[in-house]
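Submitted below is the structure of interest, expressed as structure tokens.
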Amino acid sequence: MTPRELPKDLLLQVWKEVGRHDEIGESLERLAPILSREVVFERLTVRRIDKELGRIETAAVAGERGAALQGTARAVFSSDDALRVFDWARRARVAVWTRGERDPLRALLEPAADDRTLIAGPLVDRGQPIGVLLVTGAHDALSADAPLVEALLEPLGVALANDLRLQELARLREAAEADNRALLSRLQREDISDSVVGEKTGLRIVMERVEQVARTDAPVLILGETGSGKEVVARAIHARSRRADGPFLRVNCGAIPSELVDSELFGHEKGSFTGAVATRRGWFERADGGTLFLDELGELPAAAQVRLLRVLQDGSFERVGGQRSLHVDVRIVAATHRDMQTLVSGAAFRQDLWYRVNVFPIRLPPLRERREDLPPLIDHFIHLSAAQLGCQRPAVTDDAMTQLASYRWPGNIRELQNVIERSVILCETENFSVDESWLSRKPLVHDPESHSQKLAAQEKEMIEAALRESGGRVSGPTGAAAKLGLHRSTLESKIISLKINKYGFKTGNSSKAS
């Protein structure tokens, strides 16, 4: 069989199609009928090679008429198998196997095609293998088309690289949006510029001290009971400071295992301990130029207290396993519900560190000491809960307000928010009511995981309905993103996270979404 080359006009069409589409799936789907004029194949497959995780997974599959097909989803390699695939891909050579020909490399790249002729070519980006193109056919004559397939490697390598970058951008954007939503949820706010509820009433003295210290870089220590809103005050200090455009990061010192505190706060070098497979920046590095909020400071282990003292003194530290001194410009705002004087007296907390963090203390009163803030807080949480649950906002009767105002709220604002959210969920009338049994010193069971699962299921149904209406198209004026009022990359990220098979909604494809 005489090897054949791809005609120049056909190669030009390939490049044009690659340039028209953001997604590798759409590119492959459009290219399949074009290539079928020259090559008799059954299936085109683009598989992504993940070097760090040692696996190969299908990125796109198309049949000769352009129909989207299902392919082998993912295969995890042993270290030896991964090395074999990467070595072959680095050589950038096309491999050809006829029907029934067995080879370890073939089994790794496409285990489901033993009874077919297979041509495989590595897809490379900036000299590094990122994937593989697989062309499968029923006849051994396909092997003569290896040079033709080789000509496709460069344009499809570009297409896969662009697709991977867009996916990464979508993941980063979605992660940033999720972080922002989580932050606003923790702060009980709808927008980062919202005012603090009670700043002119029960928190008036607190906010006056916030205004005084925010303009400086002095460390601040917020003292208050659990659930009293210490993070809200810390965020208010940051928002009013010269660092407002920099990062604001929160670390719960009591939630980090003692053996990982140093690594979490100061980072670690690759190979510094078992499991340190890469260099990692700690919270101080990530907060450079901004504010680091150290919540539950009293829980910090003694060894970490020593290193924290040095950072507060001159802004320098070393990563775990590192020899180079690093310097950061970070403002420290700390918080605790513990009696720090007792901890210092009992040698559980260093006295010199206590002097450093206690430069400007702010005492946050518990909710029982700011009764005047209850009505606006109740109204605020009812509004937030109704908006999040997508239900009508119930009205608060005088009896309900009296009932809530007479309770001491041992769990402070956090308990109030949980009671309000539960009440809104169960409310079946236009008036808000609270079950007396909820107002006790027993901790309220709040199940955010169950709530988030319900929201995810509803979101998945909406996205699948939009994809069904748009025939599987995501972008464009008639695409699912436009129907849902979302940016295309945001919708792509949601499709990935919710494990929706968008190709199952393509016009003429009867397969269901996974």
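The values are calculated or read from the model by the stated rules, or taken from the named source; none is laboratory data. Predicted model, so just to flag it, every value in this text is computed and none were measured. Here the Cβ is made from the backbone with ideal geometry for all residues, glycine too, and neighbour counts use every protein chain on show.
For region 341-355, state whether one or more residues are at pLDDT 90 or above, polar (S, T, N, Q) and within 30 Å of residue 410 (Cβ to Cβ).
No, that holds for no residue.
When you go through 141, 146, 161 one by one, which is the residue that is modelled with pLDDT under 80, in the same structural domain as residue 14 (by TED's automatic domain parsing) and surrounded by fewer than 21 Cβ atoms within 10 Å (Cβ to Cβ)?
On the way: 146 fails: modelled with pLDDT under 80; 161 fails: modelled with pLDDT under 80.
Step by step, each of 141, 146, 161 is checked, and only 141 is modelled with pLDDT under 80, in the same structural domain as residue 14 (by TED's automatic domain parsing) and surrounded by fewer than 21 Cβ atoms within 10 Å (Cβ to Cβ).
Let me spell it out: the conditions are (1) farther than 23 Å from residue 248 by Cβ; (2) under 31 Å from the mean Cα position of the chain (by Cα); (3) in the same structural domain as residue 425 (by TED's automatic domain parsing), and residue 384 meets all of them except one. Which number is the exception?
(1)
Let me ask another. Inside region 12-35, can you point out the residues that are of a type outside the set (A, V, I, L, M, F, W, C) and either buried (at least 16 other Cβ atoms within 10 Å of the Cβ) or in contact with a helix residue (DSSP H, G or I) (Cβ under 8 Å, 6 or more places away or on another chain) (or both)? Let's see the steps before the verdict.
Of the residues in region 12-35, the ones of a type outside the set (A, V, I, L, M, F, W, C) are 13, 16-17, 19-23, 25-27, 29-30, 33.
Matches in region 12-35: 13, 17, 20, 21, 22, 23, 25, 26, 27, 29, 30.
For residues that are of a type in the set (D, E, K, R) and under 21 Å from residue 329 (Cβ atoms), tally how many sit in region 203-228.
Within region 203-228, the first condition is being of a type in the set (D, E, K, R), and the residues that meet it are 204, 208-209, 211, 215, 217, 225.
Among the residues that remain, those that are also under 21 Å from residue 329 (Cβ atoms) are: 215, 217.
Summing the residues that are of a type in the set (D, E, K, R) and under 21 Å from residue 329 (Cβ atoms) in region 203-228 gives 2.
Let me ask another. Any chance you could count how many residues in region 292-338 are closer than 17 Å to residue 264 by Cβ, assigned to a strand (DSSP E or B) and not aliphatic (A, V, I, L, M)?
Residues that pass the stated criteria total 3.
State all residues of region 237-269 that are in contact (Cβ under 8 Å) with a residue 24 or more places away in the chain and charged (D, E, K, R); if no residue qualifies, say none. Reasoning before the result, please.
Going residue by residue through region 237-269, those that are in contact (Cβ under 8 Å) with a residue 24 or more places away in the chain are 237-243, 246-255, 258, 261-263, 265-269.
Of everything in region 237-269, those that are in contact (Cβ under 8 Å) with a residue 24 or more places away in the chain and charged (D, E, K, R) turn out to be 240, 242, 243, 250, 262, 269.
Return yes or no: is residue 100 in contact with a Ser or Thr (Cβ under 9 Å, 6 or more places away or on another chain) and either of a type in the set (S, T, N, Q) or at pLDDT below 80 (or both)? Walk me through how you get there before you give the answer.
Working: in contact with a Ser or Thr (Cβ under 9 Å, 6 or more places away or on another chain): no; either of a type in the set (S, T, N, Q) or at pLDDT below 80 (or both): yes.
When the stated conditions are applied, residue 100 does not pass them.
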